[in-house]
Amino acid sequence: MRFVFSKLFYALLAVGFVPLSLSWGRPGLRWAALVYDAGLLALAAFDARASRLPAGLEIFREFGGRFYIGAETEVRVRVENHTPRAFRLKLKDEYPPELALLSPREAELDVGPQESKALVYVVRPRRRGRYEFGRVAVRARTRLGLAWREVPAGEAASVKVYPNVRRAREAELKALGARSLVAAQRRAAWRGEGRDFESLREYVPGDELRHVSWSATARRGRLTTRQYQIERDQTVLIALDAGRLMTARIERETKFDTAIHAALALMSAARRAGDHAGLLVFGRRVNAYVPPGKGREQLDLVLEALHAVEPELIEPSYTRAFEFVAANCKRRALVVLLTDLVDEQGSRELLTSLRILRPRHLPLVTTIADRDLRASVRDAPADLEELFAQSVAEEIMLQREAALRLVEAQGGLALDVTTASLVPSLLETYIRVKERGLL
């Protein structure tokens, strides 16, 4: 049993010091003061032991929703008093220190009979993962008010911190603008060069002759063009590299986290366009796989797969990843690889492995640079140190460009982007693939 003395106890103890200060030459008064103080201590201890929290006093924790990186989330410690007594309580919640605390996590509450009150505070997660809330530390005022009895209450709770879906959705809207809004309207026809016939219209100069419907032209007596709409129910599979180079931090997050939010933005765009979207996370082996699917439930499955995955300081195996894709994704898909390359060996393995995907699938290799290397070599070097730095940057640029050109030579698509331009470039390429009917 743990307890601390209250202000009332210390006030009564101070009263006992008054006769003790006057006891010089009066042994009886001294003994009376000592007996008083000892009795007060014993009474306080008995009061603390006898004042237990009744079963009718419930203390439990509630959360305001899912925990997302960078999003404020409310934590509520609720006290429900189902007894005829009133209680004065001090509450202090044990929260994970990995979460940023934005408001006090302790409070003093007076809870009357048949009354409910709550301690409410706000946290903001910094990283994905699983975190533990401990039990609530409760100090209850004893019946005589001489002490606060300290007991743990409630239950420990495990919470998951997910990637920020709102951030991904905002990035999608910013990148696609009006095209995203058109895609969200399910009845609207998203016209392009797809293979799904949509309607006929009169020919206008500039239309491609291959789209002219000669049978309709013969019936109508004037040139008539076929219009096509972007195909739906296609497949997009996003492959996330969780290897060594993706552990690099840019500002406040790793490249892997940046790639995660780009993947979520692409999945959101694919869902609104009526496509199936899936996810593969790999390092030396496949760490997580969510088969392509549709609907809100698909996004929930992806969030569950991503919440605790972290990149490792190992080289990724593109061969194992692509063999897994070839074995588990039989339908033709746009396979979007989010990775990074800085050396010839990694580029060679990637290029060799791409043959596993072709020609069934269309690969889109997206490399994420630390910064704009072209900007770093634009100006003349000021000193020898800058000269060496520019030489390294130029070498990396040449290797990346050579590797990406070879990707395109094998029939794939390639992007080399910075973290700032990752989402816009990725979504624009996805739209272009659909408009041109490349799938």
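The values are calculated or read from the model by the stated rules, or taken from the named source; none is laboratory data. Keep in mind that what you see is a predicted model, and the values were worked out from it rather than measured. As a convention, Cβ positions derive from the backbone with ideal geometry for all residues, glycine included, and neighbour counts pool all protein chains shown.
Suppose we filter VAL75, VAL35 for residues that are closer than 30 Å to TYR162 by Cβ and among the hydrophobic types (A, V, I, L, M, F, W, C); which single one remains? Please lay out each step first, then the result.
Numbers: VAL35 fails: closer than 30 Å to TYR162 by Cβ.
Just one listed residue meets the conditions, VAL75.
For SER103, which of the numbered conditions (1) assigned to a helix (DSSP H, G or I); (2) out of contact with any Lys or Arg (no Cβ under 9 Å at 6 or more places or on another chain); (3) without any contact (Cβ under 8 Å) to a residue 24 or more places away in the chain fails to hold?
(1)
Specify the residue that is nearest to ARG252 (Cα to Cα); the eligible residues are those in the stretch 128-155 that are in a loop (DSSP other than H, G, I, E, B) and free of Cβ contacts under 8 Å to residues at least 60 places away in the same chain. Before the answer, list the steps.
Here is the first cut: in the stretch 128-155, the ones in a loop (DSSP other than H, G, I, E, B) are 128, 134-135, 142-146, 154-155.
With the extra rule that they be free of Cβ contacts under 8 Å to residues at least 60 places away in the same chain, the set shrinks to 134-135.
On the way: GLY134: 28, ARG135: 31 Å.
The qualifying residue nearest to ARG252 (Cα to Cα) is GLY134.
If ALA380 passes every condition in (1) buried (at least 19 other Cβ atoms within 10 Å of the Cβ); (2) part of a loop (DSSP other than H, G, I, E, B) but one, which one does it miss?
(1)
Out of the residues in the stretch 73-95 that are in a loop (DSSP other than H, G, I, E, B) and in contact (Cβ under 8 Å) with a residue 40 or more places away in the chain, state the one that is farthest from TYR121 (Cα to Cα).
Filtering the stretch 73-95 for residues in a loop (DSSP other than H, G, I, E, B) gives 82-86, 93-95.
Next, only the ones that are in contact (Cβ under 8 Å) with a residue 40 or more places away in the chain stay: 93-94.
Working: ASP93: 10, GLU94: 12 Å.
This residue is GLU94.
What number of residues in the stretch 271-317 are touching an Asp or Glu at 6+ places or on another chain (Cβ under 6 Å) and at pLDDT 95 or above?
Looking only at that region, the number is 0.
Do the conditions hold for GLY65, that is, is it closer than 20 Å to VAL165 by Cα and free of Cβ contacts under 8 Å to residues at least 12 places away in the same chain? Write out each step before concluding.
Details: closer than 20 Å to VAL165 by Cα: yes; free of Cβ contacts under 8 Å to residues at least 12 places away in the same chain: yes.
Spelling it out, GLY65 is indeed closer than 20 Å to VAL165 by Cα and free of Cβ contacts under 8 Å to residues at least 12 places away in the same chain.
Check GLY70, GLY65 and return the single one that is in a loop (DSSP other than H, G, I, E, B), surrounded by fewer than 12 Cβ atoms within 10 Å (Cβ to Cβ) and either at positive phi or touching an Asp or Glu at 6+ places or on another chain (Cβ under 9 Å) (or both).
Values: GLY70 fails: surrounded by fewer than 12 Cβ atoms within 10 Å (Cβ to Cβ).
Within the list GLY70, GLY65, the selection yields GLY65.
Residue by residue through the stretch 393-425, note down the ones that are among the aliphatic types (A, V, I, L, M) and part of a helix (DSSP H, G or I).
Start the filter on the stretch 393-425 by keeping residues that are among the aliphatic types (A, V, I, L, M), which leaves 393, 396-398, 402-404, 406-407, 409, 413-415, 417, 420, 422-423.
Passing the criteria: ALA393, ILE396, MET397, LEU398, ALA402, ALA403, LEU404, LEU406, VAL407, ALA409, LEU422, VAL423.
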